[in-house]
Structures are given as C-alpha cells and as structure tokens.
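See structure below.
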C-alpha cells in the first residue's frame, strides 16, 4: 500500500525552450545594433563635413571671457585672508568715518582704555527709563501694542 501523499510532481520544465524564437531574437538584436552603428556613423560624417567647428583652441591663448555677474570666488581662502587682514587693520588704526561731521575711528585698544577711564554713560537718578521716546515701553511691560503702533516695539 503506497500512500498518495508521497507522490511528487516534477520540479522542472516540461517543455523545451523554443530555439527558433531565440535565434530570431538574437538576429533581430544584432540587426538593430548594426543599424544604430551605421546611423550614428552617417550622422557623425554629415556633421564633420557640413558644420565647421572653426580653428582648434590654442593652449597658449590666454584670453578668458568673464561670466556675467555675480561671479563666484576663484580663490576664497585668499579672499578671506585679505578681508580679515583689512578688518584687523581697521580695528587697530585711526581714521575718518565721517570727516564732514567730525566722526573718527580709533584703535580698539584705545577705545577700551577710554571706556575704563570714563565709564559707561548712565541715566541721572530720578529720570524715567526711555523717557521721551515715543512708542517705547519699559522692559518687562508685555502689554499689547497700542492702536496703530507696529508690533515688536
């Protein structure tokens, strides 16, 4: 007595591949590749004979046309170094800010020494903070802005 549960179904293809179709597919692919090659050769030949590219670029020609604004930095590290040097020179030298109104620039070390000697300006005792400045409130006053007053003031 043989149990029917042990009968196995085959685990392979029961029919062969269609060789004729495979050969037709290979020949069709080869024909398409050959046609693409011939077509690209014809297009290339046409452009070589009908469109001149002009004289070839000379490696010795040092003419460079600049692109339109804004231009990218060519040497950003050197630009940063020169900018920092200019800012350091400004911080540590005397100079005019506005000659017409008599505004000058002094070195930062001298400005700090003067600040230590003279101190910061202070409000006289009894004067209300921010008195006379319209639209300003004291620090800590979180009331909503008045009618017509822009927020954040």
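Were the residues from residue 23 through residue 90 laid out at 0.36 nm apart, the gain over their Cα-Cα distance would be 15.9 nm. Each label point was placed 7 Å from the Cα along the Cα-to-Cβ direction; for residue 65 and residue 16 their separation is 6.8 nm. Once the chain from residue 110 to residue 51 is taken as fully extended at 0.36 nm per residue, the excess over their C-alpha distance is 14.1 nm. Sticking with the crude label model, points 7 Å out along Cα→Cβ, report the distance from residue 35 to residue 127 in nm, one decimal please. Spacing of the two 7 Å Cα→Cβ label points: 9.4 nm.
Each label was represented as a point 7 Å from its Cα along the Cα-to-Cβ direction; for residue 97 and residue 78 these points are 3.3 nm apart.
Values in this text are rule-based calculations from the coordinates and carry no lab data. None of these values were measured; they are calculated from a predicted model. Cβ sites come from the backbone with ideal geometry, for glycine too, and all protein chains shown count toward neighbours.
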